[in-house]
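The values are calculated or read from the model by the stated rules, or taken from the named source; none is laboratory data. These numbers come from a predicted model, not from an experiment. Here the Cβ positions follow ideal geometry from the backbone for every residue, glycine too, while neighbour counts run over all protein chains shown.
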Amino acid sequence: MNTIEIQTEPFDIAAIMAELRADNPAIGAVVTFVGLMRDMNEGDRVSTMTLEHYPGMTEKALQAIVEEADRRWDLMGIRVVHRVGELLPLDPIVMVAVASTHRGAAFQACEFVIDYLKTRAPFWKKERTPEGERWVDARHGDSAAEQRWNKGQ
């Protein structure tokens, strides 16, 4: 079962994991990644971050990432939950959960999904700092993380 959700409200990590497992005894591993909002970026204090997206286009991009992970590894389910709207430091922003019969596939697929999400999903971030608001560009490290998955293809 693969599902994608984009929402403004906080998400329940335990509930998402339980739903992904669905009491399936064939699942041997569930690997999760939860991204949190930090209070610092590029050396500046950040008091809030506003995440925007383009409905329809964002879900389509996330679905393509999940489908690619499903093609690469033997998985039993992927859940992606991403928040939009105004966020505060410590707020969870994104959760990726991957279920598989074995941990190796689950770890690799989870890392793949978050690496691709950081570069291919159309989200726009605006931070509020003491100096004012600013739009945040993708980090060079995010592109490098994505590129390592493309080697050998």
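Of all residues in segment 1-18, those that are more than 18 Å from GLU52 (Cα to Cα) and outside any helix (DSSP H, G or I) have Cβ atoms under 8 Å from Cβ atoms of residues that are of a type in the set (Gly, Ala, Ser) and at pLDDT below 95, 6 or more apart or on another chain, in MET1/ALA22.
Consider segment 78-93 and keep the residues that are part of a strand (DSSP E or B) and of a type in the set (D, E, K, R). The one that is surrounded by the fewest Cβ atoms within 10 Å (Cβ to Cβ) is GLU86. From the list THR50, THR58, the lone residue that is at pLDDT 95 or above, assigned to a helix (DSSP H, G or I) and either out of contact with any Cys (no Cβ under 7 Å at 6 or more places or on another chain) or of a type outside the set (A, V, I, L, M) (or both) is THR58. A single member of ALA105, ALA109, ALA121 is of a type outside the set (Phe, Trp, Tyr), over 11 Å from the mean Cα position of the chain (by Cα), within 19 Å of ALA61 (Cα to Cα) and buried (at least 18 other Cβ atoms within 10 Å of the Cβ), and it is ALA109.
Candidates MET17, MET49: the one that is over 15 Å from GLU127 (Cα atoms), touching a strand residue (DSSP E or B) at 6+ places or on another chain (Cβ under 9 Å) and surrounded by 13 or more Cβ atoms within 10 Å (Cβ to Cβ) is MET17.
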